[in-house]
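Please find one structure pasted underneath; my questions will follow.
The values are calculated or read from the model by the stated rules, or taken from the named source; none is laboratory data. For clarity, every value in this text was computed on a predicted model and none was experimentally measured. Don't worry about glycine lacking a Cβ; one is built from the backbone with ideal geometry, like all the others, and counts go over all protein chains shown.
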């Protein structure tokens, strides 16, 4: 189904391109930039060559370098609309989804290395689907802020589960979507901005009602709400009104006693004990809104506008008030206020972020530390980009399409570093080092070719388990307290016996601990037996609740290790023409090496170069390739590093990358095998890694190397290119 969908998308976008060879919005941006150049007395950079431009487009949009064939197809085309068509094709590809996932994962601090691993993985999958569907950005933000229910309803609850501290979560939310850093105001009035601690708590009141503790079920019978006859109360005297209310309360108390009479405290205690382990899978799997739950000022609050412990109501930081429409919750009114085009920062922030993504630096820097005094480097352009974002209905693809089609984007990169605080007039994009994910995905391309189609498959096992959890919770609610007690009583004898054994074991372990000495082995054995009894108790209760088959599915649990996250990409197959040119003995040795070296390197911490960075653990574990090359640890917003280091060079030279790229199974080496001389092989290396042929100066040096090193020159040049700045930079 992928190919037809992609073809349809490409045709749709290409049709639009043909009807508007030059986008008027792109022209407008170029005009505003030209006016800025004239005022500043600077000239635009020279146009970039096709070699540079095609590589830049693939890296910026799809997050990887093009294959030799993809680059050649672009450069050999005489179609005057080829750049626009390539932009449209890449924006419609799964490579765009993968690349944008890496971008937003850094901003939203997505991590599956958290307590709620299940929810984290569902959140990642949800984000990819939103990006693939090109959900309008304003709706995307509203979806995140107002999500509610279990993870089986939507993986977006991972947004709220990301931080246990609600006040911290608010600070991240405001910084990401409004570009305003208010974290200092959580503890005291902001020292460098106008925000007060009271402002912070007013904002916190919008989100304080979101409960992420996983209270999916209460074992206590729900109390029926007391209903008073308001008209009758109004007709009564104060004394009659008091007597009426007392009688109603007494009647309700009596009804509650009758309702719970069949469930003793002892019975409910047994149920709670049995359910402790049974309910564990439901932890960190829900986000439920509680209207009216307000935050209170901290005990050490020291300002005159409030008192410690005082409850604070919701109030917007700036702009218009966040008004609650009929039927809305407080958090829904907050989402509407946040994503309103009239919000003075919401649109500006996302327009500026996308501009930086395309050109390497924002019109406003830093992108998420705006104040009232912040001025863009080109105010007229910033205003227009805000208008354009609204005009495009917050479609990030449409917005980026306009930016990539500007004349300025296709100019040579500015190589001089722009220092923080300096004004850059955007005479072209700035030279940037590849992100860790772009380096990895480019190596995957060298190893496997285009694997973009492998980034949108659902994790079947994950969804099966989420369905099981939903069914499990529904069964608990359906049974109710009385039903749970019935199940507990059916297993009462075994539960009691197991509990007695557990108590005896605890007593034995306490006695051993008092005596001292070397009792570690005995304690370990007792702990193992206790764990086994708890599992038996859990299983018996679970079987009584949902039946043996479903109980077994639930007890298996979910682990990412149970299923490869995405379907492995089939390795490139040997070229039949290359095999035919070999002798029988050469062919035998080639295939032996081919089968031995394909796949994961022995002893490596990294997954083989078979899937893109977006399909790896998020973030990668410390010590792996992605982290060595600066991938964010996802603890702070956009916390990635672009600094070079010695371990990076060593990883390229001696790590799994060098071994895999030297494998006969790799796309690069099969391309090299088609060349019949060292000189042609080196030309192939330049095309594969840099997207161009060697220039005259380089060719002179290469000729000398070939004369001195012969066939070994290919390996030397591979190492030199893959560790060099020209490969690792987006030019």
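Which members of region 682-731 meet the condition of being on the phi > 0 side of the Ramachandran plot and either surrounded by 12 or more Cβ atoms within 10 Å (Cβ to Cβ) or in contact with a strand residue (DSSP E or B) (Cβ under 8 Å, 6 or more places away or on another chain) (or both)? Explain how you work it out, then say what you get.
Taking region 682-731 and keeping what is on the phi > 0 side of the Ramachandran plot, we get 691, 710.
Matches in region 682-731: 691 only.
Related question: From the list 343, 352, which residue is within 14 Å of residue 141 (Cβ to Cβ), buried (at least 18 other Cβ atoms within 10 Å of the Cβ), touching a residue at least 60 places away in the same chain (Cβ under 8 Å) and in contact with a helix residue (DSSP H, G or I) (Cβ under 9 Å, 6 or more places away or on another chain)?
Details: 352 fails: within 14 Å of residue 141 (Cβ to Cβ).
343 is the lone residue from the list that is within 14 Å of residue 141 (Cβ to Cβ), buried (at least 18 other Cβ atoms within 10 Å of the Cβ), touching a residue at least 60 places away in the same chain (Cβ under 8 Å) and in contact with a helix residue (DSSP H, G or I) (Cβ under 9 Å, 6 or more places away or on another chain).
Can you say whether residue 138 is assigned to a helix (DSSP H, G or I) and crowded, with 19+ Cβ neighbours inside 10 Å, as far as the supplied structure shows? It would help to see each step written out before you state the result.
Working: assigned to a helix (DSSP H, G or I): yes; crowded, with 19+ Cβ neighbours inside 10 Å: yes.
Answer is yes for this residue.
Still on this structure, please answer the following. Let me confirm something: among 174, 183, which residue is more than 19 Å from residue 114 (Cβ to Cβ), surrounded by fewer than 18 Cβ atoms within 10 Å (Cβ to Cβ) and out of contact with any strand residue (DSSP E or B) (no Cβ under 9 Å at 6 or more places or on another chain)? Step through it out loud before you land on a result.
On the way: 174 fails: surrounded by fewer than 18 Cβ atoms within 10 Å (Cβ to Cβ).
Testing whether each residue is more than 19 Å from residue 114 (Cβ to Cβ), surrounded by fewer than 18 Cβ atoms within 10 Å (Cβ to Cβ) and out of contact with any strand residue (DSSP E or B) (no Cβ under 9 Å at 6 or more places or on another chain) leaves just 183.
Would you confirm whether any residue within region 102-111 is touching a residue at least 24 places away in the same chain (Cβ under 8 Å), over 9 Å from the mean Cα position of the chain (by Cα) and in a loop (DSSP other than H, G, I, E, B)?
Residues of region 102-111 touching a residue at least 24 places away in the same chain (Cβ under 8 Å): 102-111.
Going one step further and asking which of them are over 9 Å from the mean Cα position of the chain (by Cα), we end up with none.
No, region 102-111 contains no residue that is touching a residue at least 24 places away in the same chain (Cβ under 8 Å), over 9 Å from the mean Cα position of the chain (by Cα) and in a loop (DSSP other than H, G, I, E, B).
Also, I was wondering about something else. All but one of (1) farther than 18 Å from residue 181 by Cα; (2) at pLDDT below 95; (3) buried (at least 20 other Cβ atoms within 10 Å of the Cβ) hold for residue 320, so report the exception by its number.
It is condition (3) that residue 320 fails.
Right, something else. Name the residue, out of 298, 326, that is surrounded by fewer than 13 Cβ atoms within 10 Å (Cβ to Cβ), in the same structural domain as residue 203 (by TED's automatic domain parsing) and part of a loop (DSSP other than H, G, I, E, B).
On the way: 298 fails: surrounded by fewer than 13 Cβ atoms within 10 Å (Cβ to Cβ).
Just one listed residue meets the conditions, 326.
Name, by its number, the condition in (1) farther than 30 Å from residue 674 by Cβ; (2) under 34 Å from the mean Cα position of the chain (by Cα); (3) buried (at least 16 other Cβ atoms within 10 Å of the Cβ); (4) modelled with pLDDT under 70 that does not hold for residue 550.
For residue 550, the exception is condition (4).
Per-residue answers, yes or no, for (1) more than 22 Å from residue 415 (Cβ to Cβ); (2) assigned to a helix (DSSP H, G or I); (3) outside the structural domain of residue 629 (by TED's automatic domain parsing); (4) under 33 Å from the mean Cα position of the chain (by Cα):
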| residue | (1), (2), (3), (4) |
| --- | --- |
| 651 | yes, yes, no, yes |
| 658 | yes, yes, no, yes |
| 684 | yes, yes, no, no |
| 689 | no, yes, no, yes |
| 693 | no, no, no, no |
| 705 | yes, yes, no, no |
| 713 | yes, yes, no, no |
| 720 | no, yes, no, no |
